[in-house]
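Enquirer: The structure's right below; bear with me while I get my questions together.
Values in this text are rule-based calculations from the coordinates and carry no lab data. Everything numeric in this text was worked out from a predicted model, so none of it was measured. Note: ideal-geometry Cβ built from the backbone for every residue, glycine included; neighbour counts use all protein chains shown.
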Amino acid sequence: MGLVGETPDATRIRSAWMISGRPTAAMVRLDLFSTLTALAPYAVVAVAAALTGFVLQNDLNRVQEDGLLVISDPFAVSLYGGVLLLSVYLAAAAAMVVAREREQGAVELLSYGPVSAFSYLLAKFTSHVLQYMILVVLLLGSYLLLAVATGLRLRGSTLLAMALSIGPAAAAAALGLLVAALIRRVRPTILAVLGLALGTVGLQVAREVLVRLPSPEFHVNPVQLLRWAAVAVSSITQWLLPFGYVDRELSSMLRGDLAEAVGVTVVAGVYAVLVLALAAAGLARTGIRR
Amino acid sequence: MTEPVVRTEQLTKRYNGLVAVSDLEVGVEPGEIYGFLGPNGAGKTTTLLMMLGILKPTAGRIYLWGRPLEDNPLAVKRRIGVVGEHDYIYDHVTADEYLRFFADLYGVANPTARIGALLDRLGLLKVRTLPARDFSRGMKQKLSLARALLHEPELLLLDEPVSGLDPHGIVDVRRLLLELNRNGVTIFISSHLLSEIEQTAHRVGIMHRGRLVRQDTIPALRALLRQDPTLEVELQAPVPNLDVQLLKLPVVRQAQTNGRKLVVTVASGADHRGVISQAVAAAGGVIVGMHAHEPTLEEAFLTLTDAAVERWVS
């Protein structure tokens, strides 16, 4: 019932909040509580920070050995690796949570109440994006500590790149949810997400290697063919898979192209929404029963 | 006329050609306790899940409070409390946190007081701060019931609600359900235990192989399932052709001798031990002992063969 003096719109908003918003918020709170009291997210940040330390140490050694190292941003490689690692973790974690909860019957239990497939997935998505924000802040903290310890400067663009990486990270979480909605079982779900992540990275590496390879002067040039194939496939996966958005966003930012980086983040956000809707349809189709 | 709280219309569910529920027509009246009875695999859980919109019917419709379920399932489900057959309990949280989460999910006003009252009522107050993974199956079942009652539902859908409970727990839950029903809550209990349904339900629907074979009140069902009592007689010595002679008596339905043992099924409604004693004596037999056995309603139900159920269907 609406309050006295409430407009019909306000009543509708209140009703929508009661029916969908409140359950979603409750699920987000429980998920965040469960995730942040677990060890895995901190372990991932610790690995990313350790890798950064290793890269910086390596750079400093080279400076000591050669006397000079020309590098535009000492944190660039670490940032790339760290954000990619967090995104892959986020996709795998989101996929694992949904697959596990479906297998255990938690999704069915929630469906006894006012929880739809979409609000369930929206809650998982939101909690994972919030989790990513917390993890990025922790990673940033480790960068600041390393910057102070090494005397290397942490550039503003690095901070901005980290902030904008939320779009690609959201896309990664949405993809994890889609995979879990379609596959159902925990182990195949995790393998599929990791396969997609490694496939994207592997394809990107193959493309870079092939582009740099000299082409032999044959009538039918196999390197040229492979190069075309790698470029064609990676051009598609760059848009179809979220890890491509991570790559594009960070590359734009490290080039100093803020407008493009913002654009990539926005497109990644749209991608996340579309994939989330697909995941909800997939979950409704494959069924929420264990 | 009041609309039934739950009504199904030719509800059917098939899985790859296998019929789980067929043309089910069930009506649960407001304030009623409806027992949904049947052996495992009869289609009870499938029906319940269709009522919640978790499984999509192959055909037919479900009406809750007179409106098709698909009209606004989320709003309707706020009025329902459910205990599933194998409820998942988040085992890393305490009973208190578990219920607080669901209170939050349903928007329960004054959750602390409500949770405390329910835990107290179900005897879980002392363990409220323990993680659910340390709970016994019975405690988990009670926690599920507390969760289902948190938002003060108008309709309770319970799938085997006393499974895993000890006798004290069963009595506690039964009392609670009767109390809730007195306060106006409509209850739909699915169970394979006739004894449980018999003590709580006003009306019973019997499912068999996906079909509702009978829907009646408990007294009517009791009359239907009543079986003739059996007399087990021990003789001093075997008497030739005693069974044939006993079958001539109008009260004897069946008679079978096995050496010194005689089993006679007699017509229900009166004590026929005197008649049988006289007949045995007339045939030259001496009775050493006699034991009368009146089947309970549960035994009668359990001994019903598939063929008998099929006869009801036809």
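Enquirer: Per residue, how big is the convex hull of the range A:9-286 when only Cα atoms are used? Give it in Å³. Don't skip to the end; give the middle numbers.
Expert: Values: hull volume 46.8 nm³, N = 278.
Residue-normalised Cα hull volume stands at 168 Å³.
Enquirer: Rounded to the nearest 20 Debye, what is the dipole magnitude of the protein assembly as shown about its Cα centre when Lys and Arg each give +1 and Asp and Glu each give -1 at the C-beta? Please report the intermediate quantities before stating the final value.
Expert: Values: 56 positive and 52 negative charges, 65 e Å.
Roughly 320 debye for the protein assembly as shown.
Enquirer: Could you estimate the translational diffusion coefficient of the protein assembly as shown from the Stokes-Einstein equation, with Rh from the Kirkwood formula over C-alpha pairs, at 4 °C and 1.567 mPa s, in whole µm²/s? Could the numbers behind the result be given before it?
Expert: Values: Rh = 29.3 Å.
Result for D is 44 µm²/s.
Enquirer: Applying the Karplus parametrisation 6.51 cos²θ - 1.76 cosθ + 1.60 with θ = phi - 60° to the phi angles of the range A:106-113, what ³J(HN,Hα) value in whole Hz is obtained for each residue in order, glycine and proline being reported as x?
Expert: With the stated coefficients, the range A:106-113 comes to 5, 5, 5, 4, 5, 6, 5, x Hz.
Enquirer: Hey, another quick one. Remind me, relative contact order of chain B in percent, using alpha carbon pairs under 8 angstrom and six or more residues apart? Could you put the intermediate results ahead of the total?
Expert: Values: 569 pairs, mean separation 59.9, N = 314.
Here the relative contact order equals 19 percent.
Enquirer: At 7 Å along Cα-to-Cβ for each site, give me the label-to-label distance between A:Leu258 and A:Ala50 in nm.
Expert: Each label point lies 7 Å from its Cα, and together they span 3.6 nm.
Enquirer: Around A:Glu249, under 12 Å between beta carbons, what's the net of Lys plus Arg minus Asp minus Glu among the other residues? Write out the running numbers ahead of the final one.
Expert: On the way: positive: A:Arg248, A:Arg255; negative: A:Asp247, A:Asp257, A:Glu260.
Once all neighbours under 12 Å are counted, the net charge is -1.
Enquirer: So, one more: How would you rank A:98-109, B:234-245, A:27-38, highest first, on the average number of other Cβ atoms within 10 Å across their residues?
Expert: The most tightly packed comes first, giving A:98-109, A:27-38, B:234-245.
Enquirer: Given only helices, namely DSSP H runs of n ≥ 4 each adding -39500 (n - 2.57), what is the per-residue ellipticity at 222 nm of chain B, to the nearest 500 deg cm²/dmol? Each step should come with its number before you reach the end.
Expert: Details: 12 runs with 110 residues, N = 314.
Helix contribution divided over all residues of chain B: -10000 deg cm²/dmol.
Enquirer: What relative contact order, as a whole-number percentage, does the range B:230-294 give when Cα pairs under 8 Å and 6 or more residues apart are counted? Mind dumping the intermediate values first?
Expert: On the way: 109 pairs, mean separation 31.2, N = 65.
Reported as a whole number, the value is 48 percent.
Enquirer: A further question follows. Under 8 Å for C-alpha pairs, at least 6 residues apart: give me the relative contact order for the range A:100-192, rounded to a whole percent. Intermediate results must be reported in sequence, preceding the final value.
Expert: Numbers: 35 pairs, mean separation 35.9, N = 93.
Relative contact order for the range A:100-192 comes out at 39 percent.
Enquirer: Ok, one more. What percent antiparallel are the DSSP beta bridges of the range B:6-225, to the nearest 5? Walk me through the intermediate numbers first.
Expert: On the way: 20 of 38 bridges.
The antiparallel fraction comes to roughly 55 percent.
Enquirer: Counting only other chains, what is the mean number of Cβ atoms within 10 angstrom of the Cβ of each residue in peptide A:111-123?
Expert: Details: counts 8, 17, 15, 12, 3, 4, 0, 0, 1, 0, 0, 0, 0.
Rounded to a whole number, the mean comes out at 5.
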